Number of protein chains: 6
Amino acid sequence: MPDIPIEELCARYRRLYTAAVADALDDKGQWHQIVDRRIQPLTLEMRVAGPAFTMLGRPERSTDRAIRKGVKAVDALRPHTVAVMDCSGEEITGHWGELLTNGALVRGATGAVIDGGTRDVAAILKMGFPVFSKFRSPADAKGRWNVVDFDCPVTIGGVPVAPGDFIVGDADGVVVVPRDLVVEVLLEAEEVVKTETEIRQRVKDGQSVAKLYMEYKRF
Amino acid sequence: MPDIPIEELCARYRRLYTAAVADALDDKGQWHQIVDRRIQPLTLEMRVAGPAFTMLGRPERSTDRAIRKGVKAVDALRPHTVAVMDCSGEEITGHWGELLTNGALVRGATGAVIDGGTRDVAAILKMGFPVFSKFRSPADAKGRWNVVDFDCPVTIGGVPVAPGDFIVGDADGVVVVPRDLVVEVLLEAEEVVKTETEIRQRVKDGQSVAKLYMEYKRF
Amino acid sequence: MPDIPIEELCARYRRLYTAAVADALDDKGQWHQIVDRRIQPLTLEMRVAGPAFTMLGRPERSTDRAIRKGVKAVDALRPHTVAVMDCSGEEITGHWGELLTNGALVRGATGAVIDGGTRDVAAILKMGFPVFSKFRSPADAKGRWNVVDFDCPVTIGGVPVAPGDFIVGDADGVVVVPRDLVVEVLLEAEEVVKTETEIRQRVKDGQSVAKLYMEYKRF
Amino acid sequence: MPDIPIEELCARYRRLYTAAVADALDDKGQWHQIVDRRIQPLTLEMRVAGPAFTMLGRPERSTDRAIRKGVKAVDALRPHTVAVMDCSGEEITGHWGELLTNGALVRGATGAVIDGGTRDVAAILKMGFPVFSKFRSPADAKGRWNVVDFDCPVTIGGVPVAPGDFIVGDADGVVVVPRDLVVEVLLEAEEVVKTETEIRQRVKDGQSVAKLYMEYKRF
Amino acid sequence: MPDIPIEELCARYRRLYTAAVADALDDKGQWHQIVDRRIQPLTLEMRVAGPAFTMLGRPERSTDRAIRKGVKAVDALRPHTVAVMDCSGEEITGHWGELLTNGALVRGATGAVIDGGTRDVAAILKMGFPVFSKFRSPADAKGRWNVVDFDCPVTIGGVPVAPGDFIVGDADGVVVVPRDLVVEVLLEAEEVVKTETEIRQRVKDGQSVAKLYMEYKRF
Amino acid sequence: MPDIPIEELCARYRRLYTAAVADALDDKGQWHQIVDRRIQPLTLEMRVAGPAFTMLGRPERSTDRAIRKGVKAVDALRPHTVAVMDCSGEEITGHWGELLTNGALVRGATGAVIDGGTRDVAAILKMGFPVFSKFRSPADAKGRWNVVDFDCPVTIGGVPVAPGDFIVGDADGVVVVPRDLVVEVLLEAEEVVKTETEIRQRVKDGQSVAKLYMEYKRF
């Protein structure tokens, strides 16, 4: 596999779309890399592509401010990464919000995928930072939920994510590309797109979809 | 009933809104023609109106490309029709996508109502083709789900649909007008709209809603 | 507490965001004032703030038009208020629609929060009236559901609302401020915003989020 | 309507089954008196019939023991009544438990219908007290939820219940008979049972169900 | 394939368990023959095995008793069959009840699988007739739902069922064996059971599960 | 804290009930140790208490039998432990079954808590082995889901579980006692039970629940 610099990798994945990436993963026998479909972007225009920076939290009633590891996690965010939050199924809190978004932007992170809730949605939309989550809620994490670890293995939407796995998201939802397959899947997904562009043109020209299917063996 | 050409029928239904059509159906004792409210348009601007072209599929793990009847279904799509897909409750796949949209557009179909998922959402939005579905997902049908029949009776969102039943959808959701009632319901729904326009004006003039209700027997 | 005129109260709350109001409520031990997160605005731009005008309805199959108390409720709507509808869990009907919106606008009401469905969505969007609800549906209330009381205690999204409690909603969802705390919570939420603005600036300047957290004791 | 003493009323309703009572309610145009089907008895053998003693509670994080009105409610329970709890949709707590059951038994209450959770299930089963609820959970109400009123109007499973409305429950679920209709519905439901017993015998004798249906106009 | 009389077929399938049948179906590439897991028996002891007698119904508000096709369906039930009801997703009604059970018993039917609700549960339990359904509810079908066809293709719990497909159910749930595979799957499932009995004995003797797995290639 | 041998610890916890353990955990500020209430025992009589032996699995379509780590996990099960399975949200498979039960019994394990499905339910009931799970399903794990690790940190029903944390389950559901608190919580829960026994007796004697509440500060 060729070695592709991270900037280029992110840029090329961002030009793709999740459906093509999902097809490439299927072709490699990776049938379960699609995140639970309830995790969706705040708006249909949002796109994200980058290596995962993982965070893990759990429900927690204490309001003791000394114990919040989340702030350390934000300081540790690395350029190009996508913040990925496993919220342990908590379904009340807005786990990601405006200040986290600002912290992420300053550190060069490029998006967030939250198996939980987003708050400060209006402010985040103004910043144009892509956030994918299961729901929106104004409820603060303080006294409800707390980050307990980061840069650790997590599960989002039923898919395991290790730090460095590649996250790709758009209006269709989110897929996870395992770290070892990042280049391989990119190249294959780019092929998928090329072929589909050809097919699309011929469909637009009015050719029989059944015939094209027989010729290309895909649709 | 007057005989109305299909172009005019579609155009006049498209000018209506689903709520008025639902009211007219209620008035005829057709209380259960409203599709499960989870089937919604990709954007609030989308509208659809036309006779149903039905497709039926089911979960299927085989990736044998010879057996996909879906491509034949697309070739068979007729002008003015709305593609209606019964997905047998499968909840992972993006059952409708960009290439199907292209095939449908070329053949003059005017929309799709999917009791399942949509993929390639960004591409579909660019084409301006109205798609109503229960969820969005990047997962390909291949190896997950397969069309097994078309132009057959189906059920979407709890409502039976036969080929030729009329489908009307907008930001409120989707209603199904049984084939025999298409003209009758159109005329009645147009009356509903006319009356509501009158009431609306009088409400805006500050008249008592209770009094108007007594006068018009509707609200 | 200072006495603030209702116009100013609404205006200042509207400039806030629900997350700040929720924080202020949390700080006063009011942890359960956040409405079920499934109640969301029709579009992410919608905002609402004002005293609740409550309505209560229940499923009802009769189509006898004499018994609909809903029209009286609309006539009784007061300026600045937000219509708040407890629909007793009915999940088919579009409980709020265009004519109610017109009636509400004429009487100076400023929004609606419906623990149920909205219909005539396209028309409502044109009027720019903010409606928050659990779902969209073209189904008329007639023959399905009926208002049985108004200006009475209700529950929406699990939160009790008495007439005069303050409703605040935006893209994050909806919070309820108990009547007695309206001024107190406003002042505290404005403080929250001020502090967060300071923090935000320092985060953007690249300061450590962990250090800021230690200094401000909030995030 | 004849006046029937409460003991006899309860006994006769307990000999009926909820399906017959639901039929009688339907016949009177009361189509929406069936409680959300997720509220079910702890075991299929449980049956309950009696006038409602209502309680209303809401989520509440305080652990201050002075404020729990629930204990007063138990002291106020009256003989023959069925405790009916509106839990405002809270879905974590075991709202009804062993000590409440003991308090209820001592005061002559005959069952409980909880739009929420039950705890101490093993102990309750030993006492043979019929409890209908939406779920089971070991979580205490203290610090989670609190009774705020009793002998007041409530809503359970989407059905409004006023003190004195009659509650009937068995393996099928729960129905609510409005206070004014208690005798009328009893007599009609007893007729329903009589007719069905006749039909049943003739069905067992092998007669055509279609013919019986034509004769009796019911099934 | 050997030809096996229907009595013997039913008896041998009834001695099996659904998990073994599901394994045999998996082995033939039939991965999607397991009915939605929410369709479960009324008690854990219930078992059913026999050819499907299908019925299809839909929501319907009319109480006109002339139009109920359900009674004809019961008269048409054949010995050994299992009544299979596609309820079009209606979620209020008790679609199957005591009189249907009596009618079914008299005609020699051996069970019912309902993608909907059961009523008269207490009475059905006394008769020992196995009923599998999604929920329990006292609500009558009259005025809510109506059988519109029988002996026709249906879908239950996401699995297509044609008349004559074999239905097998127990405490684990329900599987559907396509008509053509009934004997083949029976023989294979009986092999599965034989092998598992051997493995079970050796596990009980304390042998390593990993070793047995390597030897038998199954677990 | 006194050191209590594991046999005694399990026995004493088994004599308790989950509600008392949950109360003791609440009192220590551990408000979120109650497992999602959908994880319930197969029958109301089942009880379990012991240290967790954790397993983690994920969806996986391969049927390659070489890669199933689950069999190794069973061989590694230790006496007294409760098998705890994190199934990554997969909702089709019966993750726990008869052969696993036999393997567990032979190795002295005392129960299983599965955040997923159980199959072979009838067989498991005969063995009297307590299994708690979210659903029942005949679907085999082979080709659907695979154990990928064991003796590792997992999350079940929203609660993190580390190997050695104590699992207590009964008809109310399941609670998790963090390893460090096992003795402390046992002693406190035993106190809770003692007090409640006293209160119960006085309630049965007809004393005011409100007065007892004031005296004992609990209910």
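The values are calculated or read from the model by the stated rules, or taken from the named source; none is laboratory data. From a predicted model like this one, the values you see are computed outputs, not experimental measurements. Neighbour counts run over all protein chains shown; Cβ positions are idealised from the backbone, glycine included. Each accessible area value is taken on the protein alone, full model and side chains, heavy atoms only, with ligands, DNA and RNA left out. Shrake-Rupley method; radii C 1.70, N 1.55, O 1.52, S 1.80 Å.
Trypsin sites (Lys or Arg not before Pro), restricted to region C:21-95: which are DSSP loop and have at most 12 other Cβ atoms within 10 Å?
Here the sparse-neighbourhood loop sites are C:ARG38.
What fraction, in whole percent, of alpha-carbon pairs in region E:1-62 exceed 20 Å separation?
45
Divide, for region B:30-132, the radius of gyration over alpha carbons by 2.2 N^0.38 Å, where N is the residue count.
1.05
What does the net charge come to around E:SER137 if you take all other residues with beta carbon closer than 13 Å to its beta carbon, with K and R at +1 and D and E at -1?
Combined, the nearby Lys, Arg, Asp and Glu give -3.
If we restrict to alpha carbons, what Rg and Dmax does the protein assembly as shown come to, in Å?
30.4, 91
Calculate what fraction, in whole %, of the accessible area of the protein assembly as shown sits on carbon and sulfur atoms when a 1.4 Å probe is rolled over the protein chains.
On the protein assembly as shown, the fraction of accessible area on carbon and sulfur atoms equals 51 percent.
Add +1 for every Lys or Arg and -1 for every Asp or Glu among the other residues with Cβ under 9 Å from the Cβ of B:GLU91, and state the total.
With Lys, Arg at +1 and Asp, Glu at -1, the neighbours total +1.
What are the residues whose amide H is under 5 Å from the amide H of D:TRP31, where those residues sit 5 or more places off or on another chain and H is modelled from the backbone?
C:ARG61
If you take the accessible area of E alone plus F alone and subtract the pair, what total do you get in square angstrom, rounded to 100, with a 1.4 Å probe?
2800
What is the Cα coordinate range of region F:36-96 on the first, second and third principal axes, sorted by size from largest, in whole angstrom?
38, 27, 16
Please arrange C:ASP64, B:ASP140 by accessible surface area, largest first, computed with a 1.4 Å probe and ligands excluded.
C:ASP64, B:ASP140
Scan chain E and note any complete DSSP helix (H) whose C-alpha atoms cover at least 15 Å along its axis and whose Kyte-Doolittle average is -1.0 or more.
E:182-204
Hey, got the Cα dimensions of region F:140-219 along the principal axes, in Å, largest first?
60, 29, 16
Restrict the search to region E:133-219; then list the trypsin sites (Lys or Arg not before Pro) that DSSP places in a loop and that have at most 15 other Cβ atoms within 10 Å of their Cβ.
E:LYS217
Relative contact order, percent, of chain F when contacts are C-alpha pairs under 8 Å separated by at least 6 residues?
30
How many nanometers, to one decimal and shortest first, lie between the label point of D:LYS194 and those of its other copies, if labels sit 7 Å from Cα toward Cβ?
Ordered by increasing distance: 5.4, 6.2, 6.2, 7.8, 8.5 nm.
Considering only protein heavy atoms, what is the solvent-accessible area of F:ILE156 at a probe of 1.4 Å, reported in Å² to the nearest 10?
Approximately 0 Å² for this residue.
If you take all C-alpha pairs in region F:72-219, what percent of them are over 19 Å apart?
Roughly 60 percent, rounded to a whole number.
Can you list the residues, at least 5 places off or on another chain, whose amide H is less than 5 Å from the amide H of A:SER137, using H built in the peptide plane?
Here the answer is A:THR118, A:ARG119, since their amide H atoms fall under 5 Å of that of A:SER137.
What is the sum of charges around D:ASP149, taking Lys and Arg as +1, Asp and Glu as -1, for the other residues whose C-beta is under 14 Å from the C-beta of D:ASP149?
Its environment carries a net charge of +1.
Averaged per residue, what accessible area in Å² does the protein assembly as shown show with a 1.4 Å probe, protein chains only?
With all protein chains present, the protein assembly as shown gives 35 Å² per residue.
Among E:GLY206, E:LEU187, E:SER137, which residue has its Cα furthest toward the positive end of the charge dipole of chain E, with +1 on Lys/Arg Cβ and -1 on Asp/Glu Cβ?
Going by the charge dipole, the pick is E:SER137.
What fraction of the DSSP beta bridges in region D:1-139 is antiparallel, stated in percent and rounded to the nearest 5?
Within region D:1-139, antiparallel bridges account for around 10 percent of the total.
Near E:LYS211, which lysines are there with a Cα under 29 Å away, not counting those fewer than 8 places off in the same chain?
Once the sequence-local lysines are set aside, what remains near E:LYS211 is E:LYS28, E:LYS194, F:LYS69, F:LYS72, F:LYS126, F:LYS142.
Can you send over the solvent-accessible area of D:THR81, 1.4 Å probe, protein chains only, in Å² to the nearest 10?
It works out to around 10 Å².
Express in Å², to the nearest 10, the accessible area of D:MET127 obtained by rolling a 1.4 Å probe over the protein heavy atoms while all chains stay in place.
Answer for D:MET127: close to 60 Å² accessible.
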